[in-house]
Amino acid sequence: MKTRKRSIAAFSLVELSIALGVITFCLLTIIGLLAIGINSTHSSTTQTAATNLLTAVTSDLESVPNITPSYNSSFTSAKGTVASPGGLHGINGSPVYNLSIPVNGGTGTPTLTTLYVGENGLTNTTAAGMLYRVSIWITPGNNTTYPTHQETFARVLISWPAVSPYTSAQGYVENVVAINRS
């Protein structure tokens, strides 16, 4: 009688090692991409919040009342609006961040104001515990050719983290706005 050899279907040790190596490589790649995705999401969330803050600060600057109305030489009445004394933040302050705009006709030298804003949107004068540094350079209008048309320029730069100066920040957003003060 002849005996037949039975073949048993199974994986060899070499095949198992190769399969485990491929699975390990794929899992490590996915975990690495997951970390990159989380960092990218955090970065875009931070930049979106900074852009929203930039919009809020710019809108707040544009809402500063004009307390120095310009005068038309052919008329004796004032042009523009005049803020009432004793307003929410004084005569020349913006409603939210209490930013003031210098009087037009100055030397054209920018003035720097720095605010620190936390996660909750509240401002502080120190960087401790704050997320964003808001640097605002305001240049008053100095149009001698057309004195009734004075545009004040404001450069608003928001950088993070707040403890770093904007020159060495992780990220920043910036906007320049011309505010008509006539």
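Structural remarks
- The single residue among Y97, Y132, Y71 that is over 29 Å from the mean Cα position of the chain (by Cα) and either modelled with pLDDT of 80 or more or of a type outside the set (S, T, N, Q) (or both) turns out to be Y71.
- Residue match in segment 56-67 (condition: more than 22 Å from the chain's Cα centre (by Cα) and modelled with pLDDT of 90 or more): no
- Within segment 115-125, the set of residues being out of contact with any Lys or Arg (no Cβ under 7 Å at 6 or more places or on another chain) and either modelled with pLDDT of 90 or more or surrounded by 14 or more Cβ atoms within 10 Å (Cβ to Cβ) (or both) comprises L115, V117, G118, T123.
- V163 surrounded by 12 or more Cβ atoms within 10 Å (Cβ to Cβ), under 26 Å from T46 (Cβ atoms), in contact with a helix residue (DSSP H, G or I) (Cβ under 9 Å, 6 or more places away or on another chain) and at pLDDT 85 or above: no
- Residues of segment 1-46 classified as assigned to a loop (DSSP other than H, G, I, E, B) and touching a residue at least 12 places away in the same chain (Cβ under 8 Å), total: 0
- G32 more than 22 Å from the chain's Cα centre (by Cα), modelled with pLDDT under 95, surrounded by 10 or more Cβ atoms within 10 Å (Cβ to Cβ) and more than 30 Å from R155 (Cβ to Cβ): yes
The values are calculated or read from the model by the stated rules, or taken from the named source; none is laboratory data. Note that this is a predicted model, so its numbers are computed, not measured. Cβ coordinates were reconstructed from backbone atoms using ideal geometry, including for glycine residues, and neighbour counts include every protein chain displayed.
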